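Participant: Can you read through this structure? Questions will come right after.
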There are 2 protein chains.
Amino acid sequence: MVEPTRRQAIEDVASELFRERGYAGTSIRDIARALAVQGASLYAHVTSKEDVLWAIVDRAATRFEAAATAAEAAADADRPGDPAEALAALVRAHVDVLTSDVDAAGVFVHEWRALAPEHRQAILDRRDAYEARFRRRIEDGIAVGAFAMTDPGIATSTLLSAVNGVAGWYDPNGRLPAARVADHLVELSIRMIANA
Amino acid sequence: MVEPTRRQAIEDVASELFRERGYAGTSIRDIARALAVQGASLYAHVTSKEDVLWAIVDRAATRFEAAATAAEAAADADRPGDPAEALAALVRAHVDVLTSDVDAAGVFVHEWRALAPEHRQAILDRRDAYEARFRRRIEDGIAVGAFAMTDPGIATSTLLSAVNGVAGWYDPNGRLPAARVADHLVELSIRMIANA
DNA sequence: GTACCTAACTAGCGATCGTTAGGTTACCTC
DNA sequence: GAGGTAACCTAACGATCGCTAGTTAGGTAC
């Protein structure tokens, strides 16, 4: 896979480095070195270091949102009124986005704190809205007796933490294909809140 | 709670800042400012910045290990041969350590990457051994039919990610006392891998 | 009163940080 | 072959980084 634009190549290596060493632990010159270029040369393609972080985080957030929207639409069309099905679709969509670009997703999950205040707040708002989608399905499931009676807030946070853990160990070249990983996570997630 | 020694006060402030902004995102002068002292003054109590991180991480790791040892001993004495009971005790012990010092635990979970190579490797080894305790109980449970048939490695990683998520939202002054949080996490964890 | 200890200070070192400015090279298009 | 453009260069700016050195102030012990 060759990068279409130089800007994209910068964001890709930045994703990798930000994920490995964190935003603050990565210098502009580190990114440049990975591209065999001088640090100052990056500023022909980028306006600031934070701008690179924001681009990565914003894109990842958008991909998570779009995948969740598609998943919910499909689940509601396929088996309307089935909270377990809808939640499973959400989890699968989430894991798919995660595994399709572990670096960017890992940065999204861990490095949003390093964003400038306005960007940081914007991401927090979007993250809240995203989490609310999961919580709504969990609440629905509890209401119809499909899920066990548990604190929906804690269940939602814990479920997403569990799923996001994938970013910590998934290896695109590992033994498990992304689809199998998603299978496992869907299974564990649903069972976590299911009514025994 | 007043710090007994100046060194302890430094580590406590550092835990808070490292957790909020990360190790690389926190300067020696930041820590000193929080203590109303000049940056250089810290070096009377500390040999290096990394030494502070290592002290925090090492202590947290030791507390997790000790709590797990005690929990396993109690569970094995109380109800030997019951994997669900042993795993529940491990999870409860883990959450207890987590909530008793969210800052230090959060640093342990997220900032071990910033350690110097030798320290980093040492923590990785200990973390592997720690995770193996959980995996062993999960494998035992699968063997006796108490837990569902799932990949023990993925189940262990996902379970610990779920539980560690507590470090992201637990508030010592919040509505939920630590014991209730532990109850919820034990419930969710066991159900996640239990045989329905 | 002298010696020691703890805890802080000021001053500054060399390195690295994000970023700017201005100039050079290679290639594409007309 | 002139003009345009994308990509990169060198040099350097002011700020901040982790850390060292040397000193001062106040308390305690002999």
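Coordinate-derived values only; no laboratory data. As the structure is a prediction and not an experimental result, all values here were calculated from the model. Heads up, the Cβs are rebuilt from the backbone with ideal geometry, glycines too, and the neighbour counts pull from every protein chain shown.
Participant: Name the one entry in B:R29, B:R19, B:R33, B:R59 that is basic (K, R) and surrounded by 18 or more Cβ atoms within 10 Å (Cβ to Cβ). It would help to see each step written out before you state the result.
Facilitator: On the way: B:R29 fails: surrounded by 18 or more Cβ atoms within 10 Å (Cβ to Cβ); B:R33 fails: surrounded by 18 or more Cβ atoms within 10 Å (Cβ to Cβ); B:R59 fails: surrounded by 18 or more Cβ atoms within 10 Å (Cβ to Cβ).
Sole residue among the options that is basic (K, R) and surrounded by 18 or more Cβ atoms within 10 Å (Cβ to Cβ): B:R19.
Participant: Here are A:V109, A:V52, A:V95: which of them is of a type in the set (A, V, I, L, M, F, W, C) and within 16 Å of DNA strand D (Cβ to nearest atom)? Steps first, please.
Facilitator: On the way: A:V109 fails: within 16 Å of DNA strand D (Cβ to nearest atom); A:V95 fails: within 16 Å of DNA strand D (Cβ to nearest atom).
The conditions single out A:V52.
Participant: Show the residue pairs that are 6+ apart or on different chains and have beta-carbon atoms under 7 Å apart, the first residue being within segment A:173-193 and within 10 Å of chain B (Cβ to nearest Cβ), the second being of a type in the set (K, R) and in a helix (DSSP H, G or I).
Facilitator: Cβ pairs passing all conditions: A:R191/B:R191; A:M192/B:R191.
Participant: Could you figure out which of (1) more than 14 Å from every other protein chain (Cβ to nearest Cβ); (2) free of Cβ contacts under 8 Å to residues at least 60 places away in the same chain isn't true of B:P83?
Facilitator: Just one mismatch for B:P83, condition (2).
Participant: Consider only pairs whose beta carbons are under 6 Å apart and that are at least six residues apart or on different chains; among these, list those whose first residue lies in segment B:28-55 and is within 25 Å of B:I123 (Cα to Cα) and whose second residue is more than 9 Å from DNA strand D (Cβ to nearest atom) and not in a helix (DSSP H, G or I).
Facilitator: B:E50/B:A116
Participant: Please enumerate the residues belonging to segment B:162-172 that are more than 7 Å from chain A (Cβ to nearest Cβ) and aromatic (F, W, Y).
Facilitator: Once the filter is applied, which keeps residues that are more than 7 Å from chain A (Cβ to nearest Cβ) and aromatic (F, W, Y), segment B:162-172 yields only B:Y170.
Participant: Considering segment B:148-167 alone, what residues qualify as being outside any loop (DSSP other than H, G, I, E, B) and in contact (Cβ under 8 Å) with a residue 24 or more places away in the chain? It would help to see each step written out before you state the result.
Facilitator: Step one: of segment B:148-167, the residues outside any loop (DSSP other than H, G, I, E, B) are B:152-164, B:166-167.
Within segment B:148-167, B:A155, B:T156, B:S157, B:T158, B:L159, B:L160, B:A162, B:V163, B:N164, B:V166, B:A167 meet the criteria.
Participant: Given segment B:8-120, what helices (runs of 4 or more DSSP H) lie entirely inside it while holding 3 or more residues that are of a type in the set (D, E, K, R)?
Facilitator: Values: elements: B:28-34, B:49-78, B:83-100, B:102-110.
Per the criteria, B:28-34, B:49-78, B:83-100.
Participant: Further question: Testing B:A70 on (1) surrounded by fewer than 20 Cβ atoms within 10 Å (Cβ to Cβ); (2) touching a residue at least 60 places away in the same chain (Cβ under 8 Å); (3) not basic (K, R), one condition comes back false. Which one is that?
Facilitator: (2)
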